[in-house]
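Undergrad: Could you have a look at this structure, given as structure tokens, before my questions?
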Amino acid sequence: MSNIETIVIVGAGQAGASAILELRSNKFAGNIILIGDEVHLPYERPPLSKDVILKPEETKVEILSEEKLVTLGVAHIRGNGVVKINPEAKTVELQKGDVIAYDKLLLATGGAARRLPNFDVLGKHVYTLRNLEDSKALVPVLQAGQRIVLIGGGVIGLELASSARFKNCQVTVIEMGSMVMGRSSPQILSEFLLAQQRLAGVDVRLNSTINHCHLDGETVVITLATGEELHADAVIYGIGIVPNAQLAIDAGLAVDVAIQINENCQTSHPDIYAAGDVATQLRADGQYRRVETWENANLQAGIFARHVMGMEHPTPNPAWFWTDQLDINYQFVGDMAAAEWIVRGEIRPELRAASSFVLFGVTDGIIVGGITVNAAKEMRHLKKLIAKKAVFEAEKYLDLGLDLRKIA
């Protein structure tokens, strides 16, 4: 590590900020240069669909303040993103012409909203949500009585539906699939999520495709495959992301949909690393997989920092993420494709925000996944059970008279 004088981090989001904290906490004494194309300090994205919209004056999303960056000895370049990487020269070129040398480079450029061009041409009536500006732009849009159509019934779509209902909007969600949160949730929880949205007054349309959209004055008219027309004052779509991998492509790095990295978060060039939403990592089964979670960004940032310093990797926990919808907290850990899901407690959608239960995901008799609904204190115990590959024992784990903390 003695020859590493300068580390450049491209992307001032969760992964980039976490890498800085990990490097400094492990006594890296060299130069750290953080480069972002946004003008903001590093900030978190989970609040963008919730608190930034509902409580814009009270919500702070910064991960690292100006003072903290100074304390950490980080040079932060804002609003002047990288446009080219020169791997052999070990330099990056910025939008304004600056050239910066590095010894090690981390690409933490995240992703951009997957586009729907037919809607984009409708201009000011159509929105996506990926960054702080997107979130702030929605504050005046989500007002009482406004007709809001959300395209996509994933995490972002349902969180936005929740925020829009809290603002007393009329909300319709259009989902092509047969489930809400179908990519990240088992059927049993998806049905609960759907029930909650509908009980809150959200019109959720499953198995729905869009044939056409156009403007009629200030109204967006959406024609479904059934021929039905929906009318909206604003449309927000969230149909996934496209990793921001163009820099890596232009630099000749190995890229499929995202930047391919090994178990050390190295790209096909040993001095260039990637982490977060922009990276697809080689797993133990020999397959590359990309994980879009806050925790994964932190984990990969930690792997990068420790690898460049010649230290052991941080111990990975089972994959974990969360979502807050309609005053209900949901937390997910482990394998959401478990063979069966078993309820501890009782699923009662009609209780709304008072509902509380735990789901065990079981495959071949082993606990491989877990979900808490308004039971966040149980999550640490589920993580422990999954990590040690505990055998599922119904008489023990489903007995509400037994404290899960004591039997995990």
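The values are calculated or read from the model by the stated rules, or taken from the named source; none is laboratory data. As the structure is a computational prediction, the values presented were derived from the model and not from experiment. All Cβ positions, glycine included, derive from the backbone under ideal geometry; neighbour counts span all protein chains shown. All accessible areas refer to the heavy atoms of the entire protein, side chains included, with ligands and DNA or RNA removed. Shrake-Rupley method; radii C 1.70, N 1.55, O 1.52, S 1.80 Å.
Undergrad: Which one of these is open to solvent by less than 60 Å² (accessible area, probe 1.4 Å), under 29 Å from Ala258 (Cα atoms), modelled with pLDDT of 95 or more and more than 22 Å from the chain's Cα centre (by Cα): Asn80, Asn131?
TA: The match here is Asn80.
Undergrad: Now a separate question. Looking only at the range 107-124, filter to residues that are assigned to a loop (DSSP other than H, G, I, E, B) and not aliphatic (A, V, I, L, M); which one of those is least open to solvent (accessible area, probe 1.4 Å)?
TA: Looking at residues that are assigned to a loop (DSSP other than H, G, I, E, B) and not aliphatic (A, V, I, L, M), I get Gly110.
Undergrad: I've got another one for you. What is the residue count in the range 196-206 for residues that are in a helix (DSSP H, G or I) and either open to solvent by 30 Å² or more (accessible area, probe 1.4 Å) or at pLDDT below 95 (or both)?
TA: The total comes to 2.
Undergrad: How many residues does the range 38-60 hold that are closer than 30 Å to Val92 by Cα, surrounded by fewer than 19 Cβ atoms within 10 Å (Cβ to Cβ) and either modelled with pLDDT under 95 or not hydrophobic (A, V, I, L, M, F, W, C) (or both)?
TA: Number of matching residues: 4.
Undergrad: Can you pull out every residue in the range 358-374 that is open to solvent by 10 Å² or more (accessible area, probe 1.4 Å) and either touching a strand residue (DSSP E or B) at 6+ places or on another chain (Cβ under 7 Å) or charged (D, E, K, R) (or both)?
TA: Asp364, Gly365, Ile366, Val368, Asn374
Undergrad: Go through Lys167, Lys124 for me and flag whichever is of a type in the set (Lys, Arg), modelled with pLDDT under 95, over 30 Å from Asn298 (Cα atoms) and over 21 Å from the mean Cα position of the chain (by Cα).
TA: Lys124
Undergrad: Could you identify the single residue in Ser190, Ser185, Ser163 that is among the polar types (S, T, N, Q) and assigned to a loop (DSSP other than H, G, I, E, B)?
TA: Answer to the check: Ser185.
Undergrad: Quick one: Thr267 ticks every box in (1) within 30 Å of Thr372 (Cα to Cα); (2) among the polar types (S, T, N, Q); (3) open to solvent by less than 40 Å² (accessible area, probe 1.4 Å) bar one, so which box is it?
TA: Unmet for Thr267, out of (1) within 30 Å of Thr372 (Cα to Cα); (2) among the polar types (S, T, N, Q); (3) open to solvent by less than 40 Å² (accessible area, probe 1.4 Å): (1).
Undergrad: On the given criteria, is Ile342 open to solvent by less than 60 Å² (accessible area, probe 1.4 Å), closer than 28 Å to Leu158 by Cβ, of a type in the set (Val, Ile, Thr) and in a helix (DSSP H, G or I)?
TA: Here the answer is no, as Ile342 does not meet what is asked.
Undergrad: Which members of the range 207-237 meet the condition of being open to solvent by 30 Å² or more (accessible area, probe 1.4 Å) and within 18 Å of Ser163 (Cα to Cα)?
TA: Asp233
Here's the yes/no breakdown for (1) modelled with pLDDT of 95 or more; (2) within 20 Å of Ile156 (Cα to Cα):
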position: Ala251; (1), (2): yes, no
position: Val257; (1), (2): no, no
position: Gln260; (1), (2): yes, no
position: Thr267; (1), (2): yes, no
position: Gly276; (1), (2): yes, yes
position: Thr280; (1), (2): yes, no
position: Phe304; (1), (2): yes, no
position: Pro318; (1), (2): no, no
position: Val333; (1), (2): yes, yes
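Undergrad: Please give the number of the condition Arg380 fails out of (1) open to solvent by less than 50 Å² (accessible area, probe 1.4 Å); (2) within 21 Å of Pro46 (Cβ to Cβ); (3) not small (Gly, Ala, Ser).
TA: (1)
Undergrad: May I ask you to list the residues in the range 299-330 that are assigned to a helix (DSSP H, G or I) and crowded, with 20+ Cβ neighbours inside 10 Å?
TA: Leu299, Gln300, Ala301, Gly302, Ile303, Phe304, Ala305, Val308
Undergrad: Would you confirm, using the coordinates I've provided, whether Leu230 is under 19 Å from Phe119 (Cβ atoms) and outside any strand (DSSP E or B)?
TA: no
Undergrad: Same structure again: Can you tell me which residue among Val373, Val368, Val358, Val362 is touching a residue at least 60 places away in the same chain (Cβ under 8 Å) and under 26 Å from Leu194 (Cα atoms)?
TA: Residue meeting the stated conditions: Val373.
Undergrad: Name every residue in the range 280-298 that is surrounded by 14 or more Cβ atoms within 10 Å (Cβ to Cβ) and either of a type in the set (Phe, Trp, Tyr) or more than 13 Å from the chain's Cα centre (by Cα) (or both), in order of residue number.
TA: Listed by number, the residues that qualify are Thr280, Gln281, Leu282, Tyr288, Trp294.
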